[in-house]
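Let me begin by presenting the structure, written as structure tokens, before commenting on it.
The values are calculated or read from the model by the stated rules, or taken from the named source; none is laboratory data. Nothing here was measured: the structure is a model prediction, and the numbers come from that model. Cβ sites come from the backbone with ideal geometry, for glycine too, and all protein chains shown count toward neighbours.
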There are 2 protein chains.
Amino acid sequence: MVDILHRVGIDAPPRDVYNALATLDGLAAWWTNDTTGETGIGSVIHFQFGDRGFFDMKVLELDPGKRVVWEVVKGPGDWIGTRVIWDLRPYEKGTTILFKHQGWREPVEFMHHCSTKWATFLMSLKAMLETGRGSTFPNDVRISIDAD
Amino acid sequence: MVDILHRVGIDAPPRDVYNALATLDGLAAWWTNDTTGETGIGSVIHFQFGDRGFFDMKVLELDPGKRVVWEVVKGPGDWIGTRVIWDLRPYEKGTTILFKHQGWREPVEFMHHCSTKWATFLMSLKAMLETGRGSTFPNDVRISIDAD
């Protein structure tokens with residue numbers, strides 16, 4: 001099992017970062033504008049990226065201001081059963097996010113892509129909270145020669 | 001042992017991407033402007049990031065247009081002995097880079113930070129080759145609340 005790891009520091013309090021991870025409006029402001037479903041524990045959030053694909057995340061843990069955990073229940077085969085873990089920690093007047101996309105079975109090439117793509121979406125989350133404007137799908141940062 | 005993985009696609013031929021990894025001028029245009037040393041196999045390249053720190057990389061492999069491998073010989077303790085591996089592959093008129101920072105002993109918090117930071121420097125490399133302008137230290141992308 002291998003994991004994607006990231007860390008960013010955001011100049012916004014943990015409460016605001018948590019809301020960006022635990023509400024549909026918050027999520028739609030930095031990841032994909034087509035975010036639907038329910039956000040309570042045990043519910044499934046649907047993240048649609050046009051015709052590029054989608055992820056369905058079951059909410060496993062919600063600890064306000066501290067931690068959010070999702071499990072991927074539908075989406076690309078490599079993602080099924082993996083977990084996305086957000087740990088928030090206060091830092092001065094802001095927040096440090098420790099991010100982990102845990103439980104990839106193999107370090108496939110798609111995992112390399114997703115690692116870089118997560119970094120750009122974490123920077124989108126940071127920008128959204130600090131400046132009011134993220135790089136949300138379909139206006140996300142292109143990391144490849146093709147559309148994504 | 002755990003690894004940082006990334007993938008980016010760059011609209012520039014493998015020859016140009018290779019030159020950005022295998023020459024001092026190329027490296028200084030996307031990573032840190034203070035890049036010194038020698039770039040031949042067995043030589044050491046010194047990457048200085050002002051008072052934030054430095055990395056000394058011994059060049060282990062150079063396969064023009066295809067692959068570059070470095071071993072960290074001096075720098076942060078967590079980096080010593082790790083390897084940075086760049087595999088280049090032609091894609092249409094451009095290049096796909098598979099990047100690996102291999103051999104971390106533990107998934108320490110600093111590894112999370114470095115994973116995100118590598119992504120921003122890979123995007124700097126991409127921008128430098130596609131637009132002529134990277135986000136080179138000291139004008140690199142800030143991913144934390146503090147300077148780095």
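Key figures
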item	result
Candidates B:52, B:67, B:7 - the one that is surrounded by 19 or more Cβ atoms within 10 Å (Cβ to Cβ) and touching an Asp or Glu at 6+ places or on another chain (Cβ under 8 Å)	B:7
Looking only at region A:59-87, and only at residues there that are among the β-branched types (Val, Ile, Thr) and outside any strand (DSSP E or B), the one that is farthest from residue A:122 (Cα to Cα)	A:80
Given (1) at the interface with chain A (Cβ under 10 Å from one of its Cβ atoms); (2) modelled with pLDDT under 95, index of the condition residue B:119 fails	(2)
Selection status of residue A:26, touching a helix residue (DSSP H, G or I) at 6+ places or on another chain (Cβ under 6 Å) and either of a type in the set (A, V, I, L, M) or outside any strand (DSSP E or B) (or both)	yes
Pick from region A:95-148, criterion among the basic types (Lys, Arg) and more than 20 Å from residue B:101 (Cα to Cα), ranking: surrounded by the most Cβ atoms within 10 Å (Cβ to Cβ)	A:126
Scope region A:9-40; condition free of Cβ contacts under 8 Å to residues at least 24 places away in the same chain and either of a type in the set (A, V, I, L, M) or on the phi < 0 side of the Ramachandran plot (or both); matching residues	A:19, A:23, A:24, A:25, A:26, A:27, A:35, A:36, A:38, A:39, A:40
Scan of region B:1-52 for residues that are closer than 29 Å to residue B:108 by Cα and within 14 Å of chain A (Cβ to nearest Cβ), ordered by number	B:1, B:2, B:3, B:4, B:5, B:6, B:7, B:8, B:9
